[in-house]
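Visitor: My questions all concern the structure below.
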Amino acid sequence: MSTPTERNRLDEEESPYLRQHADNPVNWQPWDERALETAREQDKPIFLSIGYSACHWCHVMEEESFADEEVAAVLNEKFVPIKVDREERPDVDSIYMTVCQLVSGGGGWPLSAWLTPEAKPFYVGTYFPKRSKRGQPGFLDLLEGLADSWETDREEIENRADEWTAAARDQLEETPDSIGAAEPPSSDVLERAADAALRSADRQNGGFGSGGPKFPQPARLRVLARAYDRTGRDEYHEVLEGSLTAMIEGGLYDHVGGGFHRYCVDADWTVPHFEKMLYDNAEIPRALLAGYRLTGDERYADSVRDTLEFVSRELTHDEGGFFSTLDAQSEDPETGEREEGAFFVWTPAEVRDVLESELDADLFCARYDVTESGNFEGQSQPNIAASPSELADRFDLEEREVEERLEAAREELFEAREERPRPNRDEKVLAGWNGLMISTCAEAALALGEDRYAEMATDALEFVRDRLWDADEGRLSRRFKDGDVAVDGYLEDYAFLARGALGCYEATGEVDHLAFALELARVIEAEFYDAERETLYFTPESGESLVTRPQELTDQSTPAAAGVAVETLLALEGFAGEEDDFEGIAASVLRTHAGRLESNALQHVTLCLAADRLESGALEITVAADEVPKEWREAFGSRYLPDRQFALRPPTAEGLEEWLAALELEDAPPIWAGREARDGEPTLYVCRNRTCSPPTHDADEALEWLAASETGGELGDDTDDVPF
């Protein structure tokens, strides 16, 4: 019988990233028990390579090394080579990326790690060229040297592996010794995080950090928005607005087709790294919606609309779920060569070839800085370089005519671009990433008053629920691809999807979405919450045992899973049954990690936002009606109310009984209890911190009460006659 490592097994996998390597001469194995057992049986070290399908340097290392017969011969003979898609296995990625960052001070993908047969790391790095160059060790030399060290210096390697594993465990798994003794984070944690964001802000170019690369950092923008709303401090507003504007005007944004690229390689947001990730196109619009609600700047709303149109057009399964990524590269059909950014960039000649009007071509090139010299390898990634009013003066036109001509030109160029070779699409449907996009679509439906975004959200939620949720087992899987379901869900899958389901309930008033959010929250308590250590782990208690069990407390390319979980548990507390202790769990996690938040707030922004929600309490907006009147939805949805809980309930006690049965609750939860429709009309209740407005049929009255409650004004004599 042949052993697994005698051939490349990636053709059995559904991950597009793994399948990209299925034709390599390297005998790649997926991360599974067969591969790990083979390493133990043969007493061979593991070479672990982690990446993802849209990763540029992953493609480069494949072409240079993994497609090379000489490299493959060494890997196959002396190692057990394992490939991991970090988007499918963020737990594995988290462990070995943490080691890389601890050892080298940096990280990135592809991540290259050499492990003992027990999966303990003893050498780590990222991209390596095949041969040494510019002071960087060559991959082939490394393989030979590490294989020799495995035979001659085994004890030293195993000691190092034990030390590094212990360091990773300290970083990822351990909690403070004084569990239960700490207080929740202090009330100034929100401003502490916002002030740290100010210190890191690039006041000249927008965003954070003085140089490149520039990442969007949407969590930091959300904390600035909330701090500005709370304090009115101009600096928060200036950095928020400057960053959002830079992101929608520069090359991070696709001005022809909508949507955001991953990051920009320079300080002034000109040239992006061209892949498009689902999570960026969820979280950046979420920050833009906050900016729109605070400032009323229609450019932010337009960018959200165009981004959601891009997601609907290019990242949506025919039946509703959202795909993961678009690659940075396109493949030339004649040469077979892959070229980064080729789908997105333009030259003036290409613009003129598409547009019949020379004036329109001149306007477009002037507006979007498309020049002969270009900004990316002789071509131009569009950036906004001139306003319509400036172009109107320059070309002696009316501003409205400039805008109409530019929009018509953009549409023509978009149609022409559709004929170009397209970037590859990774069609994995990931539960957690879908949860992020579902949340943003639901929030956009409320903020922009457009029901089609609620339909996008609910279609995706139903897609994920039908394919990835096992209702009988109460278990969520992470990945769906072409009918194949794989990988047990992580905390981010449950938390992000629960937040999305709750958002769908708020946007539609359908109780089934709320019921699903509660089901997911209860699994978070059962599988991810450790009552002894009072923390939330990233992997389920019943899941695979790795060298350490990670937590995810810091914000990275996606928001911290623990932070979103705590926020969502707090949001669901008002709907909880007697058996649930959502707020207690949230408070205990925040107490456990209070020291982290207060000493390094900027790395824990989502947890800081959750701590602020615990401190401030939710703003409950309960509507007793068959459906929320449109004007009420617009009145509250268009306002910046970050802790808002929009809660439709049936108008009568009889109707509420049916909903309680659907939620498997015996009694009405606090957010609904005693809040029936009055006088046979839709009735509105607004409450914060156990103080409620009088029941009203007028949204303006409720908003006046809310304004008075926030400024310490007179609330009226009848605010205490509403049960809570």
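Visitor: With +1 on the Cβ of every Lys and Arg and -1 on the Cβ of every Asp and Glu, and nothing else charged, how large is the dipole of the chain about its Cα centre, in debye rounded to the nearest 20?
Guide: 1900 debye
Visitor: Eight or more residues apart or on different chains, and alpha-carbon atoms under 28 Å: count the Lys pairs in the chain matching that.
Guide: So the count works out to 20.
Visitor: Can you list the GluC sites (Glu not before Pro) in the range 158-266 that are in a DSSP coil and have 14 or fewer other beta carbons within 10 angstrom?
Guide: The qualifying sites are E174.
Visitor: For Q556 and S149, FRET efficiency with R0 = 35 Å and r from the beta-carbon atoms, rounded to 0.05?
Guide: Computed FRET efficiency for S149 and Q556: 0.65.
Visitor: Additional query: Between I384 and R131, what is 0.36 nm times their sequence separation minus the Cα-Cα distance? Round to one decimal in nm.
Guide: Result for the pair: 87.0 nm of gain on full extension.
Visitor: Would you please calculate the Kirkwood hydrodynamic radius of the chain over all C-alpha pairs and express it in Å, rounded to one decimal?
Guide: After inverting the mean inverse Cα-Cα distance, the result is 27.2 Å.
Visitor: Fewest to most neighbouring Cβ within 10 Å: what's the order for T568, T347?
Guide: T347, T568
Visitor: Right, next: Multiply the residue separation of E664 and E183 by 0.36 nm, subtract the distance between their alpha-carbon atoms, and state the gained length in nm to one decimal.
Guide: 169.8 nm
Visitor: Per the chain: cysteines with no other Cys C-beta under 4.7 angstrom?
Guide: Within the chain, the cysteines lacking a partner Cβ under 4.7 Å are C100, C264, C365, C441, C504, C608.
Visitor: Please check the chain for the longest run free of trypsin sites (Lys or Arg not before Pro) that are loop-located per DSSP (anything but H, G, I, E, B) and have at most 10 other Cβ atoms within 10 Å.
Guide: Segment 135-689 is the longest.
Visitor: Out of the DSSP beta bridges found with both residues in the chain, what percent are antiparallel (nearest 5)?
Guide: Restricted to the chain, the bridges split so that about 75 percent are antiparallel.
Visitor: Please find the FRET efficiency linking S200 to W57, where r is the Cβ-Cβ separation and R0 is fixed at 35 Å, and quote it to the nearest 0.05.
Guide: 0.85
Visitor: Oh, and also: In terms of the Cα gyration tensor, with a ≥ b ≥ c the square roots of its eigenvalues, is the range 619-721 rounded because a/c is under 1.5, prolate because a/b exceeds b/c, or oblate?
Guide: Judged from the Cα gyration tensor, the range 619-721 comes out prolate (a/c at least 1.5, a/b above b/c).
Visitor: For D581 paired with E654, estimate the spin-label separation in nm (one decimal), with each label point 7 Å from Cα along the Cα-to-Cβ line.
Guide: It is 4.0 nm.
Visitor: Report Rg/Rh for the range 4-172, rounded to two decimals, where Rg is the Cα radius of gyration and Rh the Kirkwood radius.
Guide: 0.92
Visitor: Pop a pseudo-label 7 angstrom from the Cα along the beta-carbon direction at both E331 and D162 and give the gap in nm to one decimal.
Guide: It is 4.8 nm.
Visitor: Which distance in nm do the two modelled labels at E37 and D396 give, with both placed 7 Å along the Cα-to-Cβ direction?
Guide: The two pseudo-label positions are separated by 8.2 nm.
Visitor: Right, next: Out of the GluC sites (Glu not before Pro) in the range 496-557, which ones are loop residues according to DSSP with at most 10 other C-beta atoms within 10 Å?
Guide: Passing both the DSSP loop test and the Cβ count: E532.
Visitor: For q = 0.19, 0.29, 0.30 Å⁻¹, what log10 I(q)/I(0) does the range 281-333 give under the Debye formula with an equal point scatterer on each alpha carbon and no solvent?
Guide: Log10 I(q)/I(0), no solvent term: -0.73, -1.06, -1.09.
Visitor: Residue separation times 0.36 nm, minus the C-alpha to C-alpha distance between T231 and D11: what's the value?
Guide: Full extension of this stretch gives 73.6 nm more.
Visitor: Please find the FRET efficiency linking A471 to E309, where r is the Cβ-Cβ separation and R0 is fixed at 30 Å, and quote it to the nearest 0.05.
Guide: According to the calculation, E is roughly 0.35.
Visitor: Of the beta bridges DSSP finds with both residues in the range 4-172, what % are antiparallel, to the nearest 5?
Guide: Around 55 percent of the beta bridges assigned by DSSP in the range 4-172 are antiparallel ones.
Visitor: With a 10 Å Cβ neighbour count serving as the proxy for reagent exposure, in which order, fewest first, do D362, D472 appear?
Guide: By the 10 Å Cβ count, ascending, the order reads D472, D362.
Visitor: Find the Cα radius of gyration of the range 366-480, compare it with 2.2 N^0.38 Å by division, and give the number to two decimals.
Guide: Scaled against compact globular proteins, the figure is 1.60.
Every number in this text was worked out from the coordinates using simple rules, so none of it is lab data. Everything quoted here is computed from the prediction, not taken from an experiment. Neighbour counts run over all protein chains shown; Cβ positions are idealised from the backbone, glycine included.
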